[in-house]
Amino acid sequence: MTNSTDLTLEQCGQSFLTGAMFTDEHHFHAVTTKLRKESPVHWVEHPDFNPFWVLTKHADVLDVELHPNEFLNAPRAILGNKEADSMREMQGHLVKSLVQMDDPEHRNHRNLTADWFLPKNLATLDGRLKELADRYIDKMVAMGGQCDFASDIAMQYPLYVILAILGLPESDYNRMLRLTQELFGAEDDEFKRDDDALASILQTVADFVAYFDALTEDRRTNPTSDLASVIANGMVNGEPIGHKEQLGYYIIAATAGHDTTSNAMGGAMKALIENPDQLARLQANPSLMTVAVDEMIRWTSPVKHFMRTATVDYEIRGTTIKAGQDVLLSYWAANRDEDVFDDPFKFDIGRAPNKHLAFGFGVHYCLGAMLARMELKALFGALLPRLKSIELAGTPQLTKSTFVSGVKHLPIRYEIV
Ligand code: HEM
């Protein structure tokens, strides 16, 4: 692939403002390779957006992640235009989840469910994940050798897992699938409800609120051992957690636990098809699966960014980020940094060590990282031994979104035994 672009540095920075750049991975990598080389700490200005710095180097993203007192998640955890920023200031966050909190609030709320995501607890899920993975491979067989792997398999399996963990009935799964796609794909023509991205998000959030309020009511009256019961009955400093925080928890579990892993799976399958030597290597050496899964996650980096706001003047690579200014952490760009990864544009299922930042780092490090790895391992662990052949049966399409994105359509033809 070529990593060159004719765009000016200013245009490269502005590419971060719309989802279009994320629908073309070669373009994204050309733009961010140029930024890493020529302007790694890059200031972006646009009349419709509050300005911000873009960081594309691994060391700089890590530096910010490791300084949570100097760089806060509040008030601007995710990139939006001025209209979205001022709505948020007026109303507070529509819902408040861990990614919008800072310590001590963040620590207190994270502790509520942290135990749920510990390896010893998740280990009990392993059998269930394998069973589900087999079910989806059987579905591929039943589909007769052709499917859209992204929407038929990758979008559904992680949703099933996370909703099962939350304790929701199977009859509600399709509704949740649509809502999470609408929330993350508010900019994407296929997923958005309304031409106005903000109006789309507001409508979707209202639907989530109605659904989860009813769930809380139920789990308060009839607590079970599911994650929804932990959230519904959660206490912080001796008080029940607030309504906004509670909703934020449900939504982050249902959304962060879904689209992210789906995008990793769809993108990983695409990478395996495009790199048949790596597919054959993994099939011949199943013990590489644990290492391969991290390469799949580095390669796809489904969460494209989070943002932080500086509390003090802070120098990065000789440039001063002033107190009050915002920085965008480009995980996908950092995960192709030539200073950290040998041959960063090679999909190498044996890559070790693999110090990717796709799960972030530090106090906000992805709570579901272990679960996500287990899901990928279960799915590809079940599929690859039965996979005789596989090829693209059409052109893959990527989601138009600046936040969580990846392959939304992956038509494939395959033989499974
Ligand atoms: C491949 C799949 C996934 C990727 C790439 C991913 C990525 C991320 C990233 C980049 C962050 C922010 C980290 C930071 O700011 O340093 C995050 C946070 C989070 N993720 Fe994931 N995630 C994935 C799967 C999951 C799953 C399966 C869950 C399960 C519920 C989950 C739940 C969360 C939660 C709750 C947070 C907020 C943590 C905090 O702010 O303390 N994620 N994730």
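Readers should treat all values here as calculations from the given coordinates under stated rules, not as data from a laboratory. None of the values given here were measured: they were computed from a predicted structure. Because the Cβ atoms are built from the backbone with ideal geometry, glycine has one as well, and the counts that use them run over all protein chains shown.
Overview of values
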| read-out | value |
| --- | --- |
| Dipole magnitude of the stretch 9-416 about its Cα centre (Cβ charges: Lys, Arg +1; Asp, Glu -1), debye to nearest 20 | 880 debye |
| Given charges at Cβ of Lys, Arg, Asp, Glu: the stretch 9-416 dipole, positive-most of Q203, S86, Q146 | Q146 |
| Nitroxide proxy distance, nm - points 7 Å out along Cα→Cβ at A284 and E38 | 4.2 nm |
| The chain - Rg (one decimal) and Dmax (whole number), Cα, Å | 20.8, 61 |
| Difference of contour (0.36 nm per residue) and Cα-Cα distance, K130 to H67 | 18.9 nm |
| Highest-fluctuation residue, K82, K388, K355 considered, GNM on the chain with Cα pairs under 10 Å | K388 |
| Cβ-defined net charge surrounding L7, 12 Å radius [Lys, Arg +1; Asp, Glu -1] | -2 |
| Under the Karplus curve 6.51 cos²θ - 1.76 cosθ + 1.60, θ = phi - 60°, whole-Hz ³J(HN,Hα) for the stretch 158-175, x wherever Gly or Pro sits | x, 5, 4, 4, 6, 6, 5, 5, 5, x, 7, x, 4, 5, 9, 4, 5, 4 |
| Among L66, T255, T224 the positive-end extreme of the charge dipole of the chain (Cβ point charges) | T224 |
| Among A256, A206, A292, residue whose mean-square fluctuation peaks in a GNM of the chain (springs only between Cα atoms under 10 Å) | A206 |
| Residue-averaged 222 nm ellipticity for the chain, from DSSP H runs of 4+ at -39500 (n - 2.57), nearest 500 | -14000 deg cm²/dmol |
| Shape call, the stretch 366-413: gyration tensor on alpha carbons, a/c limit 1.5 | oblate |
| From phi via Karplus (6.51, -1.76, 1.60), per-residue ³J(HN,Hα) for the stretch 119-134 in Hz, x at Gly/Pro | x, 5, 6, 5, 4, 5, 7, 3, x, 5, 5, 5, 4, 5, 4, 4 |
| Among Q246, Q11, Q100, residue whose mean-square fluctuation peaks in a GNM of the chain (springs only between Cα atoms under 10 Å) | Q11 |
| Evaluated over the stretch 25-75, the Cα radius of gyration and Dmax, each in Å | 12.7, 35 |
| In sequence order, calculated HN-Hα J values of the stretch 13-28 (Karplus, 6.51, -1.76, 1.60; Hz; x Gly/Pro) | x, 5, 4, 6, 7, 10, x, 4, 4, 7, 8, 9, 5, 5, 5, 4 |
| Members of K346/K388; K322/K355; K304/K400; K388/K408; K377/K400 lying beyond 22 Å, as alpha-carbon distances in this model show | K346/K388; K322/K355; K388/K408; K377/K400 |
| Column: log10 I(q)/I(0), Debye, Cα scatterers of the stretch 94-144, q = 0.18 Å⁻¹ | -0.72 |
| Among G360, T23, V54 the positive-end extreme of the charge dipole of the stretch 9-416 (Cβ point charges) | G360 |
